[in-house]
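Working notes, beginning with the structure itself.
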Amino acid sequence: MAKRKTGRKTAEKRKTAQAAAQTQLLSVIWFAVSVLLLFIVFIKGENFWTKIHNFIFGIFGVTAFFYPFLLGFVAIISAMDKMASSIKAKIIEANIIVVLIGSCVDIFSAHTADTFWQHLSAAYTAGISLKSGGFLGALVGQPIFLAFGKTGAAITVILLIFVLVMILTGT
């Protein structure tokens, strides 16, 4: 009977080691992605690189500057085994934080478009020129703005950002 218990313990250790190796690999991949995004965001470049640069700013607006750092933070914390949940969950949380910050920028910016779709288009264009929270910020921020007004929307989004930052950092 002792051999069966030892065999189970060995299998459990092997599974734990495999899970740790997979987490380490995902951390390295996400860190590399964050470094690539850092360069794309901060260096305008030429040709296709510029198109990617503009696309990222159109989607994320000024929050594109935070995004690579947040991804890098999650990758490093994951590699150090300091997270209680999976790296996938933390990446999703980081994405939601970036979008909420973009929606906060959208809520505090001027709302001049007549329709929701015109606002999204204007936010994409303004995001490229670093004057908005981008398309995703407007996609989330505009409905909240329309539902709660500027003050209510600002309070709601700032509170959501605070809660998600606390969840992401585990504090």
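The values are calculated or read from the model by the stated rules, or taken from the named source; none is laboratory data. The structure presented is a predicted model; accordingly, all values stated were derived computationally and were not measured. So basically every Cβ, Gly included, is an ideal-geometry build from the backbone, and we count neighbours across all protein chains shown. Side chains included, ligands, DNA and RNA excluded: accessible areas come from the protein's heavy atoms. Shrake-Rupley method; radii C 1.70, N 1.55, O 1.52, S 1.80 Å.
The charge dipole of the stretch 12-171, taken about the Cα centre with unit charges on the Cβ atoms of Lys, Arg (+1) and Asp, Glu (-1), comes to about 380 debye, rounded to the nearest 20. Take every Cα pair under 8 Å whose residues are at least 6 apart in sequence, average their separation, divide by the length of the chain, and the relative contact order is 24 percent.
Per residue, the stretch 10-94 exposes an accessible area of 62 Å² to a 1.4 Å probe, with every protein chain left in place. When peptides 142-148, 161-167 are ranked by their average number of other Cβ atoms within 10 Å per residue, the highest-first order is 142-148, 161-167.
Fully extended, how many nm does the chain gain between residue 29 and residue 65 (0.36 nm per residue separation, minus their Cα-Cα distance)? Don't jump to the answer; show the numbers that get you there.
Working: separation 36, 0.36 × 36 = 12.96 nm, distance 1.96 nm.
Value of the extension gain: 11.0 nm.
Distance between the 7 Å Cα→Cβ label points at residue 10 and residue 38: 4.3 nm.
How much of the accessible area of the stretch 100-142, probe 1.4 Å, is carbon plus sulfur, in whole percent?
Values: 1360 of 2050 Å².
Heavy-atom surface of the stretch 100-142 belonging to carbon and sulfur, 1.4 Å probe: 66 percent.
Residue 22 to residue 130: FRET efficiency via 1/(1 + (r/R0)^6), r the Cβ-Cβ distance, R0 35 Å, to the nearest 0.05? Mind dumping the intermediate values first?
Values: r = 38 Å, r/R0 = 1.07.
Step by step, r from the Cβ atoms, then E = 0.40.
Within straight-line reach of residue 9, meaning a Cα separation under 30 Å, sit the following lysines at least 8 residues removed in sequence or on another chain: 82, 88, 90. Angle of helix 116-128 to the longest C-alpha principal axis of the chain, folded into 0 to 90 degrees and rounded to 10: 70°. Between the helical axis of 134-169 and the longest alpha-carbon principal axis of the chain there is an angle of about 30 degrees.
Counting charges near residue 20 (Lys, Arg +1; Asp, Glu -1) among other residues having Cβ under 12 Å from its Cβ returns a value of +2.
Each peptide in 112-124, 38-50, 129-141, 87-99 was scored by the mean count of other Cβ atoms within 10 Å over its residues; highest first, the order is 129-141, 87-99, 112-124, 38-50. Pick the calculated volume of the Cα convex hull per residue in Å³ for this structure from (1) 117; (2) 138; (3) 126? The listed entry that was calculated here is (2).
Starting from the alpha-carbon convex hull of the stretch 7-75, give the projected area averaged over all orientations, in nm². Value for the stretch 7-75: 5.5 nm².
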